[in-house]
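Enquirer: Please see the structure below; I have some questions.
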Amino acid sequence: MARKRKASAAVRARLKALRRKHGLGEFKRNSPKSRTVRTRSSSFKVARKKKVSRRKSGGFGVMGKAVIGGFIYGVARQPIQNITKNFLGGVSDEIGMLLVTGVIANFTTGQIRNAALIGMAIEASTLAKNFNLGGLTGGLTTSSTPQLTTTVI
Amino acid sequence: MSAEEAATWRIVFADNEENVNQVVADFHTTQTGSAALLYPADQDALALPPMPSTGFWAGEQSKIVIQAKGDAADTVESEASGGFIPIILKHLKSGAIIHRKLRLGDLGTADFTGFRSTDDIILNTSTFVRLGAYTVPFGYMATLDGGQPVHLFLGDDT
């Protein structure tokens with residue numbers, strides 16, 4: 001094993017000055033640092049913080065998705081109505097479309113489901129409008145002229 | 001000079017086979033006949049009755065039928081009869097409205113088949129007899145042009 005060279009007095013003085021300058025304290029040879037290690041008692045239980053993973057947003061936000069869903073429903077409504085007219089007949093309008101969009105919303109996900117949910121809201125709103133419930137507001141709404149029903153021979 | 005006949009006449013909307021019939025207007029020739037025949041020489045246009053409105057429409061290829069029941073049993077001839085039936089044609093695809101006057105009798109557009117080529121029809125006093133029919137063209141539906149004056153007279157050469 002190689003012998004350690006002892007540092008000269010000048011070097012030691014320079015090192016001492018440097019340690020003092022940087023606040024490192026005096027160099028103590030052969031002084032083991034004592035550390036107290038504190039451990040928690042095994043009976044000390046803390047609820048662990050759950051790791052929350054956030055899903056990245058689609059980039060459009062809730063309002064954007066509503067608008068896009070509305071567009072999709074507006075485009076798809078007529079073709080769907082044309083197909084379902086054969087099965088639903090005279091009920092193919094609001095009630096029929098409400099049923100169809102409900103079924104679609106139940107079995108799909110993502111943007112299609114979003115569009116179907118918006119479609120349900122639109123059909124329900126149209127249905128309620130057709131009931132003409134203006135009388136419930138006690139005359140606050142203006143009366144509308146009755147629609148002349150047309151019959152085609 | 002033809003003699004006018006007095007008759008009750010009506011407008012009926014029917015399907016193409018004339019199985020379904022719906023009466024939509026009813027007149028008498030004293031309302032729509034003599035005074036109107038002399039118009040515009042010395043008669044007031046207000047003498048012509050206005051066409052009533054109806055909620056019924058005749059779809060494409062349906063028929064607008066004219067029927068008449070005579071005040072006396074007699075024959076009426078298409079060449080001695082005439083008139084204008086105001087209707088509205090609505091284009092099914094665009095919704096555009098066209099105002100037309102269907103011409104009864106032999107002259108002009110002669111729109112009523114069965115009563116336009118020197119056709120003779122025997123009227124009776126108990127039942128309405130079909131005079132002629134106008135078929136609504138493809139792509140349109142038709143109804144009465146409410147408020148427009150109606151002019152129709154029936155006559156024969158005797």
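Enquirer: Would you tally the residues in region B:76-102 being in contact with a strand residue (DSSP E or B) (Cβ under 6 Å, 6 or more places away or on another chain) and charged (D, E, K, R)?
Expert: Counting residues in region B:76-102 that are in contact with a strand residue (DSSP E or B) (Cβ under 6 Å, 6 or more places away or on another chain) and charged (D, E, K, R) gives 4.
Enquirer: If you check A:Val11, A:Val52, which single one turns out to be β-branched (Val, Ile, Thr) and either at pLDDT below 70 or part of a loop (DSSP other than H, G, I, E, B) (or both)?
Expert: Matching residue, one of A:Val11, A:Val52: A:Val52.
Enquirer: Filter region B:112-152 down to the residues that are among the aromatic types (Phe, Trp, Tyr) and open to solvent by 30 Å² or more (accessible area, probe 1.4 Å) and list them by number.
Expert: Within region B:112-152, B:Phe128, B:Phe138, B:Tyr140 meet the criteria.
Enquirer: Checking the condition modelled with pLDDT of 95 or more and more than 14 Å from every other protein chain (Cβ to nearest Cβ), which residue from B:Ala68, B:Ala72, B:Ala41, B:Ala45 passes?
Expert: B:Ala68
Enquirer: State all residues of region B:50-60 that are more than 11 Å from chain A (Cβ to nearest Cβ) and either open to solvent by less than 10 Å² (accessible area, probe 1.4 Å) or in a loop (DSSP other than H, G, I, E, B) (or both); if no residue qualifies, say none.
Expert: Answer for region B:50-60, where residues must be more than 11 Å from chain A (Cβ to nearest Cβ) and either open to solvent by less than 10 Å² (accessible area, probe 1.4 Å) or in a loop (DSSP other than H, G, I, E, B) (or both): B:Met51, B:Pro52.
Enquirer: Restricting attention to region B:3-33, which residues are part of a loop (DSSP other than H, G, I, E, B) and either farther than 27 Å from B:Ala72 by Cβ or within 12 Å of chain A (Cβ to nearest Cβ) (or both)?
Expert: Correct list: B:Asp15, B:Asn16, B:Glu17, B:Glu18, B:Asn19, B:Val20.
Enquirer: Another question, if that's okay. So B:Thr109 passes all but one of these: (1) modelled with pLDDT of 95 or more; (2) within 25 Å of B:Leu48 (Cβ to Cβ); (3) open to solvent by 30 Å² or more (accessible area, probe 1.4 Å); (4) not small (Gly, Ala, Ser). Which condition number does it fail?
Expert: Of everything listed in (1) modelled with pLDDT of 95 or more; (2) within 25 Å of B:Leu48 (Cβ to Cβ); (3) open to solvent by 30 Å² or more (accessible area, probe 1.4 Å); (4) not small (Gly, Ala, Ser), B:Thr109 misses just condition (1).
Enquirer: Among the candidates B:Lys101, B:Lys93, B:Lys63, which residue alone is under 12 Å from the mean Cα position of the chain (by Cα) and open to solvent by 70 Å² or more (accessible area, probe 1.4 Å)?
Expert: Every option except B:Lys101 fails the conditions.
Enquirer: With the requirement that a residue be in contact with a Ser or Thr (Cβ under 7 Å, 6 or more places away or on another chain), modelled with pLDDT of 65 or more and away from every other protein chain (no Cβ under 14 Å), what does region A:103-153 give you?
Expert: Result: A:Ala116, A:Gly119, A:Met120, A:Glu123.
Enquirer: While we're looking at this one, here's another question. Answer yes if at least one residue in region B:74-90 is part of a loop (DSSP other than H, G, I, E, B) and surrounded by fewer than 22 Cβ atoms within 10 Å (Cβ to Cβ), and no otherwise.
Expert: Scanning region B:74-90, I find no residue that is part of a loop (DSSP other than H, G, I, E, B) and surrounded by fewer than 22 Cβ atoms within 10 Å (Cβ to Cβ), so the answer is no.
The values are calculated or read from the model by the stated rules, or taken from the named source; none is laboratory data. Everything numeric here is computed off the predicted structure, so don't read it as measured data. Glycine also receives a Cβ, built like all others from the backbone with ideal geometry; neighbour counts cover every protein chain displayed. SASA here: full protein model, heavy atoms, side chains in, ligands and nucleic acids out. Shrake-Rupley method; radii C 1.70, N 1.55, O 1.52, S 1.80 Å.
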